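The values are calculated or read from the model by the stated rules, or taken from the named source; none is laboratory data. Bear in mind the structure is a predicted one, so any value in this text is a computation, not a measurement. Every residue, glycine as well, gets a Cβ built from its backbone with ideal geometry; the counts of neighbours run over all protein chains shown. Note: areas computed on protein heavy atoms with side chains; ligands, DNA, RNA excluded. Shrake-Rupley method; radii C 1.70, N 1.55, O 1.52, S 1.80 Å.
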Amino acid sequence: MKKQVLFLIACIVATILVLYAYFIFPIPGTDSMVYIPAALLYAKGQGLANPLYFVTKVTDLTHTNRFNYYVPFQAQLLGWLSQIRPGVRTIFLFCAAFGTSSLLLYARHISRTLTLAMPVWLRVVCIASVTNMGMYLLPTSGRPETLTSFMALLVYLSWQHRRQIPALALHAIVVGLCGLMLATQLLSCFFCFLVLVTFDLLETQNVLKTVGRNVLRFIGILIVGAVAIAWSPNGFWPTIDGIAAHANMVLGRTDRSLYLFFFYWVLYPFNFCFLGIFLLGAVFYIRLLLVKLRGTSTDKKVLVGIAQVVLLIGWVKFVLYASPAVYNASQFVLPISAFVIGQLATQKRLAITGSIALFSFIAGSLMFVRSVVLFEDYLADGKTYDNARNEVKRITEQYPDVYISVAFWCLYDNPNDARIFEPTMVKKGDIIIVGQANHSFPDIIKGKTTTLYDWSTSEPRTFMGIPITHRPQGYSFVVCRVTEEIVHDPATQKKW
C-alpha cells in the first residue's frame, strides 16, 4: 500500500471535518454549552463568561456568570482567534483546524510504519485508524479535549523524534505544551507528564540526573500553566477557587455501573470500541515496561513503579469515577493508536492483539461512515443550522420569553439571549422549543402541552430502507405551550 493512499484518506476525512464545522453538524452536545459560550462572548469583547451553565451560580461569587469553574485556555484561545469574525461557526472552524492538524500529523507518523512487506491486515489497520479518528475529532463536541488531543500528540511526536531535536528545544516543547495542557484540561497534563517521565526513566543511564531534569520541567509546567490561567480576565485565584468548587461537585458523581461503562467505552458513537484500543495500548505498555526494566537498577525500578502507582490511582479516581468521563482517557487516542500500530508492526505473535486492533478500528470507521450518511440526510432534510437559526429568530420575536432545549443554545448570536429549558422551572403558560435530536419529548410536560408550531421531521432516519438512528440528527423541533400545572417529580426529572 502506498503512503499516498493513506494521506488521501486522511485528507478526505479532514475535509469532512471542516464541512461538519461549517454546517455545525452534529448538533453541539450538552458539554459544548459548558465551554463554547464563554469563547463566543470573549470573541465579542464581553469577557470570559457563560450565562448558560448553571454551575456559575455556585462558583462565581460575583454573580456575573464568570467562566471560572474550569481552566480557561481553550475558551480564551478560541475566543481570541474568533475575533476575526465572532460567531459559533468561526469557533467550530477553529476547532476543526486543531482536529485536522492532529489527523494529518497522525497520518504522517503512522505512514512511516508502512512497507510492502507489511501484512495486508496491518495495512487495513493503518487506514481504518485514520478513518476512525474522525469520530474522536468531531469539531462540534466543544470540549477542551479538541485542543489537548492535538497537544498530547505533539508531545508524543516530540518524544519520538527526541534524538533529532536539540535538548533545550525538547525541554521547551515539553514544558510549553504540558503547561498549556494544564491550563486547558488538568488531567491531560497529569497523565501526559507521568507517561513522559516513565519513558524518560526507562531510557536514562543516569537516574538522579533524570529526576532532577523532570523536577525542573514540572516547575516550568506549573509556571506556564499559572501564567496562562492568570492571563484570563477572571484572574488566577478566582479561577482556582471556582475550579475547586466545581471539582467537589463533579467528583461526587454517581453515574457509574457496568452497563454505563460498557456503553461509554464500547457503544458510544463518538468513541465506538475505544475500550479495545485502550486495552491494546495498556497491554503493549505493560509489556514494554517489563522488558525495559529487566536487569535495570533497583532505584530505576522503584521510581518507575511509583509513577505507575500514581497513574493507576489517577485513572481510577479521575476516569473510572464516572462512566461518561471516558473523555479523560479518549483524549489520548491519537498517541495510543500510534503506539499500538508501532507495536503491532514489530511484534510477532499477533493473533489476539491483531484481531482486536482490526475489529476496533474497522468498527470505529463504520461509525464515521455512518456519520457521513447522517450528514447527507441532515442536508437533504433541510433542518440545518442556518434554517433553524432563522426559524428560532422568528419564533423568539413572536414569543420573547421562549425556552429552548439545551443543545439549541448555538442558534443564538448572543448567549445572553438564550433561555435554557429546565424541568424544575417549567410552569403553566411557558413556551418551549423542544428539539428532536438528543432526547425524546420530555416526560415532565408530555400530555400537558399544546403545539404552536411543528418543525419536526420523520423518525427514525433510514438509509436504503435501513434505520440508522432512532431520532433525526438535525435541528428539527416543535414549539409548544404548557397548558397544565406541573408537579415536579424527581423521578420524572431524572428521566429528562
Nearest-ten-degree value, helix 88-110 long axis tilted from longest Cα axis of the chain
30
Cα shape, the stretch 236-369, gyration tensor, a/c 1.5 rule
oblate
The chain, helix-only ellipticity at 222 nm - DSSP H runs n ≥ 4, -39,500 (n - 2.57), divided by all residues, nearest 500:
-19000 deg cm²/dmol
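Measure up Lys57/Lys428; Lys393/Lys446; Lys2/Lys348; Lys44/Lys427 against 29 Å on the Cα-Cα distance and list the ones that go over.
Values: Lys57/Lys428 25 Å; Lys393/Lys446 25 Å; Lys2/Lys348 23 Å; Lys44/Lys427 33 Å.
Check vs 29 Å cut-off fails for Lys44/Lys427.
Out of the total accessible area of the stretch 354-496 (probe 1.4 Å, heavy atoms of protein only), what percent is carbon and sulfur?
Working: 3820 of 7160 Å².
Of the solvent-accessible surface of the stretch 354-496, carbon and sulfur hold 53 percent.
Under the rule a/c < 1.5 gives rounded, and otherwise a/b versus b/c splits prolate from oblate, where does the chain land using the Cα gyration tensor?
Working: a/c = 1.97, a/b = 1.48, b/c = 1.33.
Prolate, since a/c reaches 1.5 and a/b exceeds b/c.
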Does the stretch 1-83 classify as rounded, prolate or oblate by the C-alpha gyration tensor (a ≥ b ≥ c root eigenvalues; a/c under 1.5 gives rounded; else a/b over b/c gives prolate, otherwise oblate)?
prolate
Simple label model, 7 Å out from Cα along Cβ direction - Leu61 to Met249, nm
1.7
Could you work out how far the C-alpha centroid of the stretch 301-317 sits from that of the stretch 16-71, in angstrom?
34
Mean Cβ neighbour count within 10 Å, used as a protection proxy, ranking 238-250, 334-346 highest first:
334-346, 238-250
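Using the per-residue mean of other Cβ atoms lying within 10 Å as a proxy for protection, in what order, highest first, do the peptides 214-226, 96-108 fall? Show your work: numbers first, answer last.
Values: 214-226: 16.4, 96-108: 21.1.
Top of the packing list down: 96-108, 214-226.
What is the percent carbon and sulfur in the accessible area of the stretch 163-243, measuring with a 1.4 Å probe over the protein chains and ignoring ligands?
The C+S portion of the solvent-accessible surface of the stretch 163-243 is 76 percent.
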Just to confirm the number: angle between the C-alpha axis of helix 120-136 and the first principal axis of the chain, 0 to 90 degrees, nearest 10?
40
Give me the distance between the Cα centres of the stretch 231-290 and the stretch 414-445, rounded to whole Å.
29
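If you take every DSSP beta bridge fully contained in the chain, what fraction is antiparallel? Give it as a percent rounded to 5. Please report the intermediate quantities before stating the final value.
Values: 15 of 18 bridges.
Percentage antiparallel, nearest 5: 85.
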Putting +1 on Lys and Arg Cβ atoms and -1 on Asp and Glu Cβ atoms, find which of Ile432, Val58, Thr462 reaches farthest to the positive end of the dipole of the chain.
Thr462
Carbon-plus-sulfur fraction of the accessible area of the stretch 1-131, 1.4 Å probe, in percent?
67
According to a simple spin-label model (label point 7 Å from Cα along Cα-to-Cβ), what is the distance in nm between Met118 and Arg256?
3.7
Helix 385-398: inclination vs the chain longest Cα principal axis, degrees, rounded to 10, gives 40
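Using the Kirkwood formula over every pair of different C-alpha atoms, what hydrodynamic radius in Å results for the stretch 55-119? Can you show the working numbers first?
Numbers: mean 1/r = 0.0660 Å⁻¹.
The answer is 15.2 Å.
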Heavy atoms of Arg162: accessible area, 1.4 Å probe, square angstrom to 10
50
Inter-part gap, Cα centre of the stretch 383-410 to Cα centre of the stretch 97-138, in whole angstrom, is 39
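Please work out the average accessible area per residue across the chain, using the 1.4 Å probe convention, and give it in Å².
Numbers: 22450 Å² over 496 residues.
Heavy-atom accessible area per residue stands at 45 Å².
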